[in-house]
Amino acid sequence: MSHPSKASTNGKVLVEIRDLAKVYRRGGEAIRVFENVNLEIRQGEFLALMGPSGSGKSTLLNILAGLDTPTSGSVVVDGQEITRMNGKRLAAWRSNHIGFIFQFYNLLPVLTAAQNVELPLLLTSLSKKQRREHVMTALGIVGLTDRSEHFPGQLSGGQQQRVGIARAVVSDPTIILGDEPTGDLDAASGKEILDLLERLSTEFGKTILMVTHDAHAAERAQATMHMDKGVLSR
Amino acid sequence: MTLSGLVWANLRRNKKRTVLTMLSVVVAFFLFGTLRSVITTLDKASEVGSEGRLIVSSASGITFLLPQAHANRLQSVDGVKSVAWANWFGGYYQNPNDFFAQFAIKADTYLPMYPEIAITAGSVDEFMRERTGAIIGAGLIKKYGWQLGQKVTLKGTFMPGDWEFNIRAVYTPSDPAFGDEIMLFHYEYLYERTGGEITPGWFVLELNRPDRAGDIAAGIDAQFKNSVGPTKTQTERAWNAGFVTMWGNIGFLVGAIGTAVFFAILFVAANTMMMAVRERIGEIAVLKTLGFGNGTVFGLVLAESVLITVLGGFLGLLLARTAFLGRNALSAFFPGFGVTGGTIILGLVMALALGLVSGAVPAIQSARLSVVSALRRVA
Ligand SMILES: Nc1ncnc2c1ncn2[C@@H]1O[C@H](COP(=O)(O)OP(=O)(O)OP(=O)(O)O)[C@@H](O)[C@H]1O
Ligand SMILES: [Mg+2]
């Protein structure tokens, strides 16, 4: 751990993953991605998740995000067992609790930076003015207020990813999940993104789980977990 | 931004495609509006004409003439108040392809039977005084730029030669369905010019007892059954409806074309929406990741297709409505031709249905889309 001191600021257990298993069945053959995964994530922790390709990192992240369902086991986030929710409740839960950062930014090309950041807020009851304030705050955190009216096509990869982060934090989610958020960026842009995530953790006390292939990136987190051959070790 | 802003943004994504699709919807609904108006106008025409006036025509068909001698016998039928007669004159003014109706009428009894013929310029008296006088519909006056008192020459077709007329009165029909592109002139003029060769094409009867019209008509036909000119007597409304049924096949054709167009457009719109959604799978997955529910995503896609078809449909119908306002290209063939409010409402309902149907499949696909597999596919 590169920042052992931060662990002391961590609070209660926010995420509890119990005996999680994901098995794909194709014909008679079972593809066991992982079995018996147990994990606790405390409030305010910044964790990295590493492991070889195909080891199931994204699968774990997607289950935690309520995007995928496990074969067995449970995931409890902030007292709510999301593995028992139906699709409709899960969607609503995601909008309140999850901020997702994609490897390829995944901004909507037809919307400006500000509009992209505003997307998650369309599902809330915030007024237009309030939404605007939240959007500008989020863009301020990632340092892109001057680019709010730009379209993704007019932004560099690093800038697009910063917009992606602004979109992930704008609704003040419980957890921020990143699936290789620096995977598509050059070293300098990647460093900016990691700086940002670190700030979200230290300044704003955000709970973050980030999948990465890059050991340097993982070093920025408070702890690194490894997923290999279906086994998660911390 | 709002959810509808998102729909707009998506429509603007591929402007060319959206505009082209919308244009095809515009054209389709212009066609729909026009074709359907042919039917509504014909339907309305079959309701025009008095139930109180009887028309006596030849039992052999409308192109056969009746003996002049019928007039006196009809006059003596119990319940008949007055008798008039008329004939067609298939002439044209300058351009043989420019059709309008001309009737040679027994004016002194014919005109009083038709209060629809409301004289708005000149007078019936002046018309009556002149053998070559003519009463012209206001629509014709405008169409040919004629003036009251002008001498106009028509070319006859089955009554050949140049026929001169003096415009002595102009009428504006009190009921638009009567038509304002009709020319009326003296039967006597036709009779004399043809050297007494001509006889009435049909008789018009005004009744003392309109409630007995059916009995009177049956009595007349029975009376003339074995004469030189057997008759077919019916109310004027039924007579008009008879002409409309001659157009019946057109109604069917119009319906068939309309249906074909509708389905063609359905495929165009459906294809557009399929393409629009297919290229956007990743974005839909992102929206769902952000917490957009299946229903919301479904609605976004459906709203997009409905917007294309309803907007396109509205423009097309509006175009048809303005193109056929007042006097227009089709009102000479179908008096009173115009796009009714009913047609516009029906068109809008169809446009809505079109949008819902063409958007349904991609909308369902979007709603069912699995985020995980969609993101895997895109990444
Ligand atoms: N629909 C599916 N059917 C069968 N197997 C699947 C399916 N989706 C994923 N898998 C398998 O699950 C395993 C885990 O995939 P996952 O994407 O979680 O790996 P990962 O650790 O994120 O890999 P990478 O580092 O390449 O992103 C892989 O072996 C993959 O082939
Ligand atoms: Mg992965």
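Place a +1 charge on the Cβ of each Lys and Arg in the protein assembly as shown and a -1 charge on the Cβ of each Asp and Glu, then give the dipole magnitude about the Cα centre in debye, rounded to the nearest 20.
Around 1240 debye, computed over the protein assembly as shown.
Pick out which of B:249, B:240, B:87 has the largest mean-square fluctuation in a Gaussian network model of chain B, springs linking Cα atoms closer than 10 Å.
Taking springs between Cα atoms under 10 Å, the residue moving most is B:249.
Please give the helix A:87-97 orientation as an angle from the longest Cα principal axis of chain A, in degrees from 0 to 90, rounded to the nearest 10.
Long axis of A:87-97 versus the principal axis of chain A: about 60 degrees.
With respect to the cross-link table entries B:106/B:155; B:106/B:225; A:57/B:16, which display a Cα-Cα separation exceeding 31 Å?
The pairs that break the limit, which is 31 Å between Cα atoms, are A:57/B:16.
Output the 0 to 90 degree angle, nearest 10, between the alpha-carbon long axis of helix A:187-202 and the longest principal axis computed from the alpha carbons of chain A.
80 degrees
At 1.4 Å probe size, with no ligands or nucleic acids counted, give the accessible surface of residue B:278 in Å², nearest ten.
Taking all protein chains as shown, residue B:278 has close to 150 Å².
State, as an integer percentage, the relative contact order of chain B based on alpha-carbon contacts under 8 Å between residues 6 or more apart.
28 percent
Would you work out what percent of the accessible area of segment B:60-229, with all protein chains in place, is carbon or sulfur (probe 1.4 Å)?
On the way: 4070 of 7950 Å².
Accessible surface attributable to carbon and sulfur in segment B:60-229 totals 51 percent.
Can you give the accessible area buried between chains B and A, summed over both chains, with a 1.4 Å probe, in Å² to the nearest 100?
Protein heavy atoms only, the B-A interface buries about 2100 Å².
Put B:239, B:88 in order of accessible area, largest first, 1.4 Å probe: what do you get?
On the way: B:239 25, B:88 75 Å².
If we order B:239, B:88 from most to least accessible, we get B:88, B:239.
For segment A:110-234, place one equal point scatterer on every Cα, skip the solvent, and apply the Debye formula. What is log10 of I(q)/I(0) at q = 0.11 Å⁻¹?
-0.40
For a quick check of understanding: with a 1.4 angstrom probe and all protein chains in place, what accessible area in square angstrom does residue A:129 have, to the nearest ten?
140 Å²
Rounded to the nearest 500 deg cm²/dmol, what is the calculated helix-only ellipticity per residue at 222 nm for the protein assembly as shown, with -39500 (n - 2.57) per DSSP H run of length n ≥ 4?
Value at 222 nm, helices only: -14500 deg cm²/dmol.
What does the C-alpha gyration tensor say about the overall shape of segment B:60-229? Classify as rounded when a/c is under 1.5, otherwise prolate if a/b is larger than b/c, or oblate.
Prolate is the answer for segment B:60-229, as a/c is 1.5 or above and a/b outweighs b/c.
For segment A:12-67 and segment B:338-362, what is the centre-to-centre distance using only Cα atoms, to the nearest Å?
49 Å
Is the shape of the protein assembly as shown rounded, prolate or oblate, going by the alpha carbon gyration tensor and its root eigenvalues a ≥ b ≥ c, with a/c under 1.5 for rounded and a/b larger than b/c for prolate? List each step's numbers first, then the result.
Values: a/c = 4.84, a/b = 3.57, b/c = 1.35.
It comes out prolate by the Cα gyration axes.
At a cut-off of 30 Å², which residues of segment B:277-298 become less accessible once all protein chains are present than in their chain alone, using a 1.4 Å probe?
In segment B:277-298, residues shielded by partner chains: B:283, B:286, B:289, B:290, B:291, B:292.
Return the lysines within reach of residue A:88: Cα separation strictly under 17 angstrom, same-chain partners fewer than 8 residues apart disregarded; answer none if there are no such residues.
Hits, sequence-local ones excluded: B:288.
Once the Cβ-Cβ distance between residue B:209 and residue B:357 is put in as r, and R0 is 56 Å, what FRET efficiency do you end up with, to the nearest 0.05?
The pair residue B:209/residue B:357 has a calculated efficiency of 0.50.
Can you compute the label reach from residue B:92? Point 7 Å from Cα along the Cβ direction, backbone N cut-off under 12 Å, restricted to segment B:325-342.
What the label zone holds, given the 12 Å backbone N cut-off, is no residue at all.
Heavy-atom accessible surface, probe 1.4 Å, ligands and DNA/RNA ignored: which residues of segment B:344-379 lose at least 20 Å² versus the isolated chain?
For segment B:344-379, once contacts with the other chains are taken into account, B:371, B:372, B:375, B:376, B:379 lose 20 Å² or more.
Give the dimensionless ratio obtained when the Cα radius of gyration of chain A is divided by 2.2 N^0.38 Å.
Normalised Cα radius of gyration, chain A: 1.00.
Please work out the FRET efficiency for the pair residue B:325 and residue B:227, using the Cβ-Cβ distance as r and a Förster radius of 56 Å; give the result to the nearest 0.05. Display every interim value, and only then the final one.
Working: r = 49 Å, r/R0 = 0.87.
The formula returns an efficiency of 0.70 here.
Using a Förster distance of 22 Å, how high is the FRET efficiency between residue A:151 and residue B:4, based on the Cβ-Cβ distance and rounded to 0.05?
The formula returns an efficiency of 0.70 here.
Which sequence of A:23, A:211 reflects their accessible areas, 1.4 Å probe, from the largest down?
The ranking, largest first, comes out as A:23, A:211.
When only alpha-carbon atoms count, how far does chain B stretch along each of its three principal axes, as whole angstroms with the largest first?
Over chain B, Cα extents along the principal axes are 94, 45, 30 Å.
Which whole-number value in Å² is the accessible area per residue of chain B, probe 1.4 Å?
With the other protein chains kept in place, chain B gives 46 Å² per residue.
Could you tell me which of B:74, B:132, B:262 has its Cα farthest along the dipole of the protein assembly as shown towards the positive end, charges placed at Cβ (Lys, Arg +1; Asp, Glu -1), taken about the Cα centre?
With unit charges placed on the Cβ atoms, the residue in question is B:262.
Roughly how many nanometres apart are two label points built 7 Å out from the Cα toward the Cβ at residue B:349 and residue A:85?
Label at residue B:349, label at residue A:85, 4.2 nm between them.
Rounded to the nearest 10 Å², what accessible area does residue B:144 show when all protein chains are kept and the probe is 1.4 Å?
Residue B:144 exposes around 40 Å² with every protein chain in place.
Hey, in the GNM for chain A with a 10 angstrom Cα cutoff, which one of A:87, A:143, A:164 fluctuates hardest?
Sorting by GNM fluctuation, first place goes to A:87.
The values are calculated or read from the model by the stated rules, or taken from the named source; none is laboratory data. Small disclaimer: the values here were computed from a predicted structure and weren't measured. Neighbour counts are summed over all protein chains in view; Cβ atoms, including those assigned to glycine, are modelled from backbone coordinates with ideal geometry. Heads up: the accessible areas ignore ligands, DNA and RNA and are worked out on the full protein's heavy atoms, side chains in. Shrake-Rupley method; radii C 1.70, N 1.55, O 1.52, S 1.80 Å.
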